[in-house]
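FYI, it's all coordinate maths here, none of it is from the lab. The structure presented is a predicted model; accordingly, all values stated were derived computationally and were not measured. Note that we place each Cβ from the backbone using ideal geometry, even for glycine, and neighbour counts take in every protein chain shown.
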Amino acid sequence: MIYNFDLSKNTILVTGGYGYLGKAVTENLLFHKARVIVLGRNKEKFKETFKDNEFLGNTLSFHYCDVSETQSIKNAFLEISKNYSISVLINNAFYSSGQSPENMKDDDWENGIDGTLNSVFRAIREIIPYFKSNGGKIINVSSMYGLVAPEFSVYQNSPSSLNPPHYGAAKAGVIQLTKYYASYLGQYNINVNAVTPGPFPSESVQKDKDFIKALANKTCLGRIGKPDDLGGVFTFLSSDASNFITGQNFIVDGGWTSK
């Protein structure tokens, strides 16, 4: 049997699927015929993001879910499962506060860890009962700063873009959490993998041309990532083509961590 990237039988949940990178992931999955349900807190932002998308109201929909609250996650999964058999969960959403390596407050540290790592744990824990019988796939989003420390010289002239200390610590935790649950859930035919993006600065950050040039020079390919560069790996990991892959971390960073 030759496996392909046809996702027409899949219902895929994407937390934060209307953000800068989440939008590209969602659109790639839709292109490959998946039914995508974007989970988030802001329906108006979802509608604005996808207002021109041909799949809106058909195979693309929104469901309220606040990943900071266990009960909200439980409610979302339960309501969705009444109408669809969930195939894939993509843990993309995160929230955070604070930035300073020296002056970060305890509350900001804890909020960053909660929004970047604990929220992923909560979603994994709550999806397990829905995947135990028929299998499923979980894809967690990490970051290159979960693998390497920031090159602080890159941020010297762009301090507002400095990566905070809790972000990398939590994203490293996401990679380990992925391996842990891949080992534990393999017995139920549940695949758990991570995707680790590299430099994908937002459109507002890209206005700082010198900073973007510094980021690009750190990669082997000499450029920053575009949102569409990420879509393919999520489609692959959501498809039957990845059925024998679990516990792995797929790095999409233009070679940043290879140097």
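Taking K and R as +1 and D and E as -1, what net charge do the other residues with C-beta under 10 Å from the C-beta of Ile190 add up to?
+2
Straight-line reach from Lys45: which lysines fall under 18 Å, measuring Cα to Cα and dropping same-chain residues less than 8 apart?
The reachable lysines, counting only those whose Cα sits under 18 Å from Lys45, are Lys23.
Counting other Cβ atoms within 10 Å, which trypsin sites (Lys or Arg not before Pro) in region 1-61 have at most 14 and lie in a DSSP loop?
Here the trypsin sites (Lys or Arg not before Pro) that fit, given the DSSP loop and packing criteria, are Lys9, Lys33, Lys51.
Once fully extended, how much extra length lies between Ala149 and Asp106, figured as 0.36 nm per residue of separation less the alpha-carbon to alpha-carbon distance?
Stretched out fully, the Ala149 to Asp106 stretch lengthens by 13.4 nm.
Working from Cα positions, state the angle (0 to 90°, nearest 10) between the long axis of helix 20-31 and the longest principal axis of the chain.
Here the helix axis deviates by roughly 30 degrees.
Residue separation times 0.36 nm, minus the C-alpha to C-alpha distance between Ser68 and Tyr3: what's the value?
The span from Ser68 to Tyr3 would gain 19.8 nm if fully extended.
Add +1 for every Lys or Arg and -1 for every Asp or Glu among the other residues with Cβ under 13 Å from the Cβ of Thr246, and state the total.
Details: positive: Lys137, Lys179; negative: none.
With Lys, Arg at +1 and Asp, Glu at -1, the net is +2.
How large is the dipole of the chain about the Cα centre if only Lys and Arg carry +1 and Asp and Glu carry -1, each at its Cβ, rounded to the nearest 20 debye? Can you show the working numbers first?
Values: 25 positive and 24 negative charges, 113 e Å.
Dipole magnitude for the chain comes out near 540 debye.
Rounded to the nearest 0.05, what FRET efficiency is calculated for Asp210 and Asn243 with R0 set to 45 Å and r the Cβ-Cβ distance? List each step's numbers first, then the result.
Values: r = 45 Å, r/R0 = 1.00.
E between Asp210 and Asn243, to the nearest 0.05, is 0.50.
For Cα pairs less than 8 Å apart in space and 6+ apart in sequence, what is the mean separation divided by the residue count of the chain, i.e. the relative contact order in percent?
Numbers: 476 pairs, mean separation 53.9, N = 259.
Relative contact order here is 21 percent.
Describe numerically, in nm with one decimal, the distance between label points set 7 Å from Cα along Cα→Cβ at Asn53 and at Ser85.
2.4
Starting from the 7 Å offset along Cα-to-Cβ, what nm value, one decimal, do you get for the label separation of Ser160 and Ser183?
Here the modelled spin labels are 4.4 nm apart.
Can you tally the net charge around Leu221? Count Lys and Arg as +1, Asp and Glu as -1, for every other residue whose Cβ sits under 12 Å from the Cβ of Leu221. The partial results should precede the final answer.
Numbers: positive: Lys218, Arg223, Lys226, Lys259; negative: Asp229, Asp253.
That works out to +2.
Using unit Cβ charges (K, R positive; D, E negative) and no other charged atoms, how large, in debye to the nearest 20, is the dipole of region 1-121 about its Cα centre?
680
Of Lys47/Lys226; Lys51/Lys132; Lys137/Lys179; Lys33/Lys137; Lys47/Lys105, which ones are farther than 25 Å apart at the Cα?
From the list (Lys47/Lys226; Lys51/Lys132; Lys137/Lys179; Lys33/Lys137; Lys47/Lys105), the Cα-Cα distance tops 25 Å for Lys51/Lys132; Lys47/Lys105.
For the chain, find the longest principal axis of its Cα atoms and tell me its angle to the long axis of helix 228-238, 0 to 90°, nearest 10.
Compared with the principal axis, the helix lies near 40 degrees.
Using Cα pairs closer than 8 Å and at least 6 residues apart in sequence, work out the relative contact order for region 78-150, in percent.
So the answer I get is 43 percent.
Residue by residue through region 242-259, what is 3J(HN,Hα) from phi via Karplus (6.51 cos²θ - 1.76 cosθ + 1.60, θ = phi - 60°)? Round to whole Hz and write x for glycine and proline.
My calculation for region 242-259 gives 10, 4, 10, 10, 7, x, 10, 10, 9, 9, 10, 9, x, x, 3, 7, 8, 7 Hz in order.
What is the angle, in °, between the Cα long axis of helix 165-185 and the longest principal axis of the Cα atoms in the chain? Nearest 10 is fine, range 0 to 90.
30
With the contact rule set at Cα under 8 Å and sequence spacing of 6 or more, what percent relative contact order holds for region 77-229?
With pairs under 8 Å counted, the relative contact order is 24 percent.
Above 32 Å lies some portion of the pair distances; for the chain, what is it as a whole percent of all C-alpha pairs? Don't skip to the end; give the middle numbers.
Numbers: 6521 of 33411 pairs.
Everything past 32 Å amounts to 20 percent.
In region 99-185, which GluC sites (Glu not before Pro) fall in coil by DSSP and have 10 or fewer other Cβ atoms within 10 Å? Could you put the intermediate results ahead of the total?
Values: sites: Glu102, Glu110, Glu126, Glu151; in loops: Glu102, Glu151.
Listed in order of number, the matching sites are Glu102.
Largest first and in whole Å, give the semi-axes of region 1-110's equivalent ellipsoid, each being the square root of 5 times a Cα gyration tensor eigenvalue.
Working: eigenvalues 163, 51, 43 Å².
For region 1-110, the ellipsoid semi-axes come out as 29, 16, 15 Å.
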